[in-house]
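Written below as structure tokens is the structure these notes are about.
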Amino acid sequence: MPAKDRYHQVVKQALIKAGWTITHDPYPLAWAKRNLSIDLGAEQLLGAENSERKIAVEVKSFIRESRVADLEQALGQYTLYYDILKRTELERKLYLAIPINAFNELFEGEKFGQILLDNNRLNLVVFKPETEEIIQWIA
């Protein structure tokens, strides 16, 4: 099993605080005789509709010197997991969890990553590590 990301527990706690039930840690993903895993699987009961929302969350720290290189690597992993989920569990939506400082630098400041959002290539969960809270959902 791969090592957990630096912010794995932080994102897990943030999801719980936001009303999500963690159903998988990690979320197993089998494809082409390979056993892969997404960091977290979660569900949330929608009271008015009496149904559940299901998500999978891949957590990334963005702590290397090059945030762009971190984004490139995370995007490759995200794309693979997204395509597998589209074939195996269509009702589960994939998100990439990214700390607020990396989001501000890549998506707000220089808007480098904005093209990914404009082209609907990425769903994000932006979190604040210090307070273990979700700041923003972008889908």
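Inside region 115-139, residues that are within 18 Å of Leu71 (Cα to Cα), among the aliphatic types (A, V, I, L, M) and either assigned to a helix (DSSP H, G or I) or in contact with a Lys or Arg (Cβ under 9 Å, 6 or more places away or on another chain) (or both) make up a count of 4.
Among the conditions (1) modelled with pLDDT under 95; (2) open to solvent by 10 Å² or more (accessible area, probe 1.4 Å); (3) on the phi < 0 side of the Ramachandran plot, Pro129 misses just one, which is (1). Scanning region 90-126 for residues that are under 17 Å from Leu40 (Cα atoms), without any contact (Cβ under 8 Å) to a residue 40 or more places away in the chain, surrounded by 15 or more Cβ atoms within 10 Å (Cβ to Cβ) and among the hydrophobic types (A, V, I, L, M, F, W, C) yields Leu96, Ile98, Leu124, Val126. Within region 55-89, the residues that satisfy the criterion of being among the small types (Gly, Ala, Ser) and either in contact (Cβ under 8 Å) with a residue 40 or more places away in the chain or buried (at least 20 other Cβ atoms within 10 Å of the Cβ) (or both) are Ala56, Ser61, Ala74.
Listed by position, the strands (runs of 3 or more DSSP E) inside region 1-75 whose residues that are modelled with pLDDT under 95 number at least 2 are 27-31, 34-38, 40-46, 51-59.
The values are calculated or read from the model by the stated rules, or taken from the named source; none is laboratory data. Just so it is clear, the structure is predicted and the values come from calculations on it, not from any experiment. Cβ atoms come from the backbone with ideal geometry, glycine included; neighbour counts cover every protein chain shown. Heads up: the accessible areas ignore ligands, DNA and RNA and are worked out on the full protein's heavy atoms, side chains in. Shrake-Rupley method; radii C 1.70, N 1.55, O 1.52, S 1.80 Å.
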